[in-house]
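Since the structure comes first, as structure tokens, the remarks are kept for the end.
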Amino acid sequence: MARYAKIGAAVIGLAILAGCEAPVTASGNAPPLGDYQLLSIGGDDVESYHVTMLLQDGQVAGGGFCNRYSGSQSGVLPALQIGPLAVTRRACIGDRMQRDQAFFDALTAADAASFSNDRLTITGAGPELVFEPHAPETDHPGGE
């Protein structure tokens with residue numbers, strides 16, 4: 001009986017660990033769907049801000065530097081179009097409002113994307129956005 005309890009505990013532990021991985025799935029030449037965290041914008045490291053993006057079939061949503069956003073996305077890689085975006089209008093501390101606007105502008109200016117080495121890179125008329133897959137977060141944008 002103790003043997004079955006240990007096996008059950010091991011199975012539950014593995015299930016919990018498996019749930020920590022970000023599901024990223026690719027469909028043909030569509031961008032890999034799943035949860036992402038922004039690593040850099042225009043080469044500037046912004047990982048500590050916990051800016052997120054969830055790519056779903058035809059949709060995009062997430063948390064910016066201060067505000068949440070959602071909108072449409074389409075394209076066959078290497079092409080990618082995002083927007084228009086609906087964005088909340090929270091009051092932001094410090095430079096987060098300007099960072100939010102730069103991020104949203106870069107998303108809606110996107111015209112291309114690539115996925116390699118576990119990185120989603122979005123490019124266009126705005127600064128380059130580099131994301132990595134991550135487990136979904138439950139807190140508000142900005143991670144604070």
Quick one: is Leu55 outside any loop (DSSP other than H, G, I, E, B), among the hydrophobic types (A, V, I, L, M, F, W, C) and out of contact with any Leu (no Cβ under 7 Å at 6 or more places or on another chain)? no
Just one listed residue, out of Gly58, Gly83, Gly71, Gly63, is under 21 Å from Gly34 (Cβ atoms) and touching a His at 6+ places or on another chain (Cβ under 9 Å), and it is Gly63
Considering each residue of segment 42-53, count those that are buried (at least 16 other Cβ atoms within 10 Å of the Cβ) and at pLDDT below 95, and give that number. 3
Please state which one of Gly63, Gly34, Gly75 is of a type in the set (Gly, Ala, Ser), surrounded by 13 or more Cβ atoms within 10 Å (Cβ to Cβ), in contact with a Leu (Cβ under 9 Å, 6 or more places away or on another chain) and at pLDDT 50 or above. Gly34
In segment 123-142, which residue that is among the charged types (D, E, K, R) and surrounded by 14 or more Cβ atoms within 10 Å (Cβ to Cβ) is modelled with the lowest pLDDT? Glu137
Which one is farthest from the chain's Cα centre (by Cα) among residues in segment 58-98 that are outside any loop (DSSP other than H, G, I, E, B) and of a type in the set (S, T, N, Q)? Gln98
Check whether at least one residue in segment 127-143 is part of a loop (DSSP other than H, G, I, E, B), touching a Cys at 6+ places or on another chain (Cβ under 8 Å) and within 20 Å of Gly34 (Cβ to Cβ), and report yes or no. yes
Would you be able to say whether some residue in segment 88-104 is in contact (Cβ under 8 Å) with a residue 60 or more places away in the chain and hydroxyl-bearing (Ser, Thr, Tyr)? no
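The values are calculated or read from the model by the stated rules, or taken from the named source; none is laboratory data. Everything numeric here is computed off the predicted structure, so don't read it as measured data. Here the Cβ is made from the backbone with ideal geometry for all residues, glycine too, and neighbour counts use every protein chain on show.
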